[in-house]
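Where a number appears in this text, it was derived from the coordinates with a stated rule and is not lab data. Bear in mind that the values here come from a model prediction, so they are computed numbers and not experimental data. When we count neighbours, we look across all protein chains shown, and the Cβ atoms used for this are built from the backbone with ideal geometry, even at glycine.
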Amino acid sequence: MRVRVSPPARMTTVHDLPTPAVVVDIDALEHNLATMAARLPGPLLRPHVKAHKSTALADLQRRYGHHHFTCATVREMVGMAHAGLGDDLLLANEVVDLDRLRELASLQDRAMITVAVDSDATVDAAARAGIRHVVIDVNIGLPRCGCAPSTAGRLADAARRRGLVVRGVMGYEGHLMVSDDRAAQRRETLSAMQVLNKAALDVGGDVISAGGTGNHDVHAEHRADTGVTEVQAGSYALMDTYYGTLGLPFRQAVSLLGTVISTQEKWAVADVGLKSLGMDHGNPSIAGCKVWFCSDEHITFATEKVESSAAGSSAAGAITMRAAQPTVGSRVRVIPAHVDPTMAMHDHLWLVRGDEVLDRWPIDLRGW
Ligand SMILES: Cc1ncc(COP(=O)(O)O)c(C=O)c1O
């Protein structure tokens, strides 16, 4: 598939971009979307938009066959509905703010809206706000949202008594996304899905929603056994070095373009710091260089070359620009360790092929 692009009038190469800038390599992105769509076609994937927060990118995912989306915030749900991407939107998160829920409910004639609930209080909030559809969020091992599996059926009954349509269950096994023992990851994913399945029998409905990028392959292979009807992966589209260690078939598509602003004998500094990068998964990487540390607006990296790529999956991916012998004014591509919070810090991304700038897409689903 070829993306329709409208190149900006004056900025034609990455060297013209103001930095720090989010750049997305279109070929790597399309490789990732095509690879995932082959493994989990159509409604088997409910792409999570929190990973990129861009309706333009979601629209591209739609063109790869996925019409149902997962969101983490009301803002993402509302933005997707307004962008005409509201065929089936799941808010995979609990909300008790009635004003926000009412805003969501007001969109139900133009979009299919479903909200996760995991308590009597969230059922009550959904019912009072006029939300029509819910899923029961079940805790399958990650100490975050989700009711105890044994209470899922009772909560579904309570939701139905309040007039809500219960579409099924969701569970997020986030603690099983990254593991250096992939056999154990598979085993534990399958056992978490047994728990979710049992809850699904108690709850009723036909949705069993789970999973993410790190174990999408387990879900794709074992669908017949797990009963999972859709996988909520999001990071696969752009990727980061955290997932890059797993040997997944996705390429590194996003990087932060920076400008070298200072060089010393043994190190160089570029203008990409922790205010433009999600750092909760550790330091970002620069291909061929050792990153020392990030501060607010700086990344400090060693100028001596390293043998192997420090950028995880970048060797197999599209990010090849390296900072060999950086000079003041030269550009570097910094690869984030965690894509989601990185995207949430920027207004727009630049779509590129190599050094050529093809388009500018707003990151328009930011905020809450
Ligand atoms: C509810 C939920 N579903 C799915 C995912 C999977 O996302 P990823 O593609 O990053 O593994 C996440 C990530 O945090 C999540 O919170």
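Structure notes:
- Region 125-147 residues near the modelled Gln194 label - backbone nitrogen below 19 Å, point 7 Å along Cα→Cβ: 138-142
- Relative contact order [Cα under 8 Å, 6+ residues apart], the chain, whole percent: 21
- Hull volume in cubic angstrom per residue (convex hull over the Cα atoms of region 161-223): 85
- Projected label points at Val178 and Ala38, each 7 Å from Cα along the beta carbon direction, are separated by 2.6 nanometres.
- With eigenvalues of the C-alpha gyration tensor scaled by 5 and rooted, region 9-111, Å: 28, 19, 12
- Close amide H partners of Trp292, meaning residues 5 or more places away or on another chain with modelled amide H under 5 Å apart, are Thr300, Phe301, Ala302.
- Whole-Hz couplings from phi, Karplus 6.51/-1.76/1.60, listed for region 15-25; x for Gly and Pro: 5, 8, 7, x, 10, x, 9, 7, 10, 10, 7
- Spin-label proximity, Leu201 to region 144-175 - amide N less than 19 Å from point 7 Å beyond Cα toward beta carbon: 148-157, 168-171
- For region 223-233, the Karplus equation 6.51 cos²θ - 1.76 cosθ + 1.60, evaluated at θ = phi - 60°, returns couplings of 3, 5, 7, 7, x, 5, 8, 6, 10, 9, 5 Hz by residue, with Gly and Pro reported as x.
- With 0.36 nm allotted per residue and the present C-alpha distance subtracted, the Glu103-Arg132 stretch has 9.1 nm of extension available.
- For the pair Asp87 and Phe293, a Förster radius of 56 Å applied to the C-beta separation gives a FRET efficiency near 0.80, rounded to the nearest 0.05.
- Taking amide H atoms as placed 1.01 Å from N in the peptide plane, the amide H of Asp359 lies under 5 Å from those of Leu351, each 5 or more residues away in sequence or on another chain.
- Using the Karplus relation 6.51 cos²θ - 1.76 cosθ + 1.60 with θ = phi - 60°, the per-residue 3J(HN,Hα) values for region 69-86 come to 10, 9, 10, 10, 9, 4, 4, 5, 4, 5, x, 5, 5, 5, 7, x, 10, x Hz, with x marking Gly and Pro.
- Rg and Dmax over the alpha-carbon atoms of the chain stand at 21.3, 71 Å.
- Kirkwood analysis of region 30-238, using all unique Cα-Cα pairs, places the hydrodynamic radius at 16.9 Å.
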